[in-house]
Amino acid sequence: MKILVLIFLLPFGAIAEMISYSVSPGIVKFDTIKGGVKSFDLSFLNQGDDKLDINIETMDLTLDRDGVPDISKVSNNKFQWRQHVQLSKKRFSVDSKTHDKVSILLKTPRSASGSGYFAVVFNVSLQKKSNTKIIKDKNLMDISSQMPVLFIGNINRNGIPKIKVKKSVINKAPYTSERPLKIRFTLENSGTAHVNVSGDVLLRHNGQVVERLPLESGSGLILPGGERYFVATLSKYKKYSNKKLSAEARFSYPGGRISKKINFMVK
């Protein structure tokens, strides 16, 4: 299940009943040790005018190749620490313009290696009012939404990332201003620790550097066993029409560097 905030709007007169809230922090990055105990506090603020009901659950966390979080209830991945998490409460209600706190307790497994991940997901709904038209009209949908908090942990001095370029491709011509030439690299992390990767691309023509392009990939975070897209965009593609170019992608991350070359003709 992709991590999305889903809000179902009620039609007509009921549309005024809206959910407005925040959960902070949204991402928790931390260091721990094998067998260690860590505690975290999450703050839930009801910014709306109506009372909210909240149901909390812990779930496994991964990132897709675009860096979009993906959560699920079942996983045998050793890097998922969901089963080692305790919540101070799983159900509660918050009045309008007030806040509440949820405590998270993580008992890091003694067998853990490198990194670990989990998500705490807030399932939020508008508290039903028996004396309102919302309940009487069976054709109306309940307002509900979902908000995850991502936990990304690392065991100190334990585990290493292993990064390699798995694939490199160029999108097909014809190119336009809305669809310029793009060079995409897929990086894979086969190690036991997460890592943030950044990089750029040097474009050469006849051995001379003619362009330096940034590689875009959001945070560049790659989890163990995960993959991530890195994309460079050549907006001035017309300048190199019918010319052969060489692209050298250079990636760096804490503790290492890698590179990848690809040759292509601009059509």
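Where a number appears in this text, it was derived from the coordinates with a stated rule and is not lab data. Keep in mind that what you see is a predicted model, and the values were worked out from it rather than measured. Neighbour counts are summed over all protein chains in view; Cβ atoms, including those assigned to glycine, are modelled from backbone coordinates with ideal geometry.
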Tally, over the range 91-107, of residues that are loosely packed, with under 13 Cβ neighbours inside 10 Å, of a type in the set (D, E, K, R) and in contact (Cβ under 8 Å) with a residue 60 or more places away in the chain: 1
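Only one of 207, 220 is crowded, with 18+ Cβ neighbours inside 10 Å and of a type in the set (Gly, Ala, Ser). Can you tell me which?
On the way: 207 fails: crowded, with 18+ Cβ neighbours inside 10 Å.
220 is the lone residue from the list that is crowded, with 18+ Cβ neighbours inside 10 Å and of a type in the set (Gly, Ala, Ser).
Right, residue 199: touching a residue at least 24 places away in the same chain (Cβ under 8 Å) and not in a strand (DSSP E or B) or not? Spell out how you get there, then give the answer.
Values: touching a residue at least 24 places away in the same chain (Cβ under 8 Å): yes; not in a strand (DSSP E or B): no.
Taking the combined requirement at face value, the residue does not satisfy it.
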Residue among 102, 85, 74 that alone is closer than 26 Å to residue 188 by Cβ and not charged (D, E, K, R): 74
Of the criteria (1) among the basic types (Lys, Arg); (2) within 27 Å of the chain's Cα centre (by Cα); (3) assigned to a loop (DSSP other than H, G, I, E, B), which one residue 172 fails: (2)
Candidate set: the range 165-183, residues that are basic (Lys, Arg) and either buried (at least 18 other Cβ atoms within 10 Å of the Cβ) or in contact with a Ser or Thr (Cβ under 7 Å, 6 or more places away or on another chain) (or both); chosen: the one farthest from residue 30 (Cα to Cα): 182
Matching residues, the range 100-117, being out of contact with any helix residue (DSSP H, G or I) (no Cβ under 8 Å at 6 or more places or on another chain) and closer than 21 Å to residue 43 by Cα: 100, 101, 102, 103, 104, 105, 117
Residue match in the range 73-80 (condition: assigned to a loop (DSSP other than H, G, I, E, B), more than 21 Å from residue 55 (Cα to Cα) and among the β-branched types (Val, Ile, Thr)): no
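When the range 202-236 is examined, which residues are found to be polar (S, T, N, Q) and in a strand (DSSP E or B)? Talk me through it step by step, then tell me what you get.
Keep residues of the range 202-236 that are polar (S, T, N, Q), which gives 206, 208, 217, 219, 233, 235.
Within the range 202-236, 208, 233 meet the criteria.
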In the range 30-44, residue surrounded by the fewest Cβ atoms within 10 Å (Cβ to Cβ) [restricted to those that are part of a strand (DSSP E or B) and among the aliphatic types (A, V, I, L, M)]: 37
